[in-house]
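Structure first, then comments.
The values are calculated or read from the model by the stated rules, or taken from the named source; none is laboratory data. Note that the structure is a prediction, hence the values are computed from the model and not measured. Cβ: placed from backbone, ideal geometry, glycine included. Neighbour counts: every protein chain shown. Keep in mind that these areas ignore ligands, DNA and RNA; they rest on the heavy atoms of the full protein, side chains included. Shrake-Rupley method; radii C 1.70, N 1.55, O 1.52, S 1.80 Å.
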Amino acid sequence: MPMHKHKVSVHLLSFQALVFFLSIFIHFSHCDVGTASHYGPPFLPTACYGKDASEFPSSNMFASAGEGIWDNGAACGRQYQVRCISAAAPRTCIPGQLIQIKIVDRAQSTVSRPSRAGTSMVLSTTAFQAIANASASLINIEFQQV
Ligand SMILES: *[C@@H]1O[C@H](CO)[C@@H](O)[C@H](O)[C@H]1NC(C)=O
């Protein structure tokens, strides 16, 4: 009988340890999965900075925020790391490419229409081309605020 009890408590302990390590893992790999389309010029005015183009990164690595991350305008200026994970057509994603973009606008009110409405974010053509075949209108992405 005491042997049996001991066994149960060891199992309980290892289960708690597993939950503990899983929670650490989930915390440190906090990535969201969503979709991205792309848009080209004209980019001004923006919902974030009006007619001020000085807020655009010189690398042209920027995006407009979908409603899911717009956060009442708090998204303006936030930086995200984005990678392409899949698309409808095979080999659309450029393997191993990770970009960092800055949010400069709100997707639903950009001057230029995105290649697809309702995505998590709309990447500048430059940003989109860095991770995927530019002839695609929609890709699935993994993204993380940095
Ligand atoms: C991009 O996709 C188009 C349309 O599917 C295809 O014709 C083209 O070859 C692709 N480009 C590259 C570099 O894979």
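Below, the figures for the structure above:
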quantity: Residues of the range 90-123 satisfying the condition of being assigned to a strand (DSSP E or B) and either of a type in the set (Lys, Arg) or at pLDDT below 95 (or both); calculated: Lys102, Arg106
quantity: Cross-chain or 6+ apart pairs with Cβ under 7 Å, the range 78-107 first and in the same structural domain as Ser137 (by TED's automatic domain parsing) and charged (D, E, K, R), then open to solvent by less than 10 Å² (accessible area, probe 1.4 Å) and within 14 Å of the ligand (Cβ to nearest atom); calculated: Arg83/Ile131
quantity: Residue pairs meeting the criteria (Cβ under 6 Å; at least 6 apart or on separate chains; first at pLDDT 70 or above, in the range 19-39; second charged (D, E, K, R)); calculated: Cys31/Glu142; Val33/Glu142; Ser37/Arg116
quantity: Selection count, the range 124-139, where residues are within 16 Å of the ligand (Cβ to nearest atom) and part of a strand (DSSP E or B); calculated: 2
quantity: Selection within the range 130-146 - touching a residue at least 40 places away in the same chain (Cβ under 8 Å) and open to solvent by 50 Å² or more (accessible area, probe 1.4 Å); calculated: Asn133, Leu138, Asn140, Glu142, Gln144, Gln145, Val146
quantity: Looking only at the range 98-123, and only at residues there that are among the polar types (S, T, N, Q) and open to solvent by 70 Å² or more (accessible area, probe 1.4 Å), the one that is nearest to the ligand (Cβ to nearest atom); calculated: Gln100
quantity: Options Pro42, Pro95; residue that is open to solvent by 30 Å² or more (accessible area, probe 1.4 Å), more than 20 Å from Ile141 (Cβ to Cβ) and not charged (D, E, K, R); calculated: Pro42
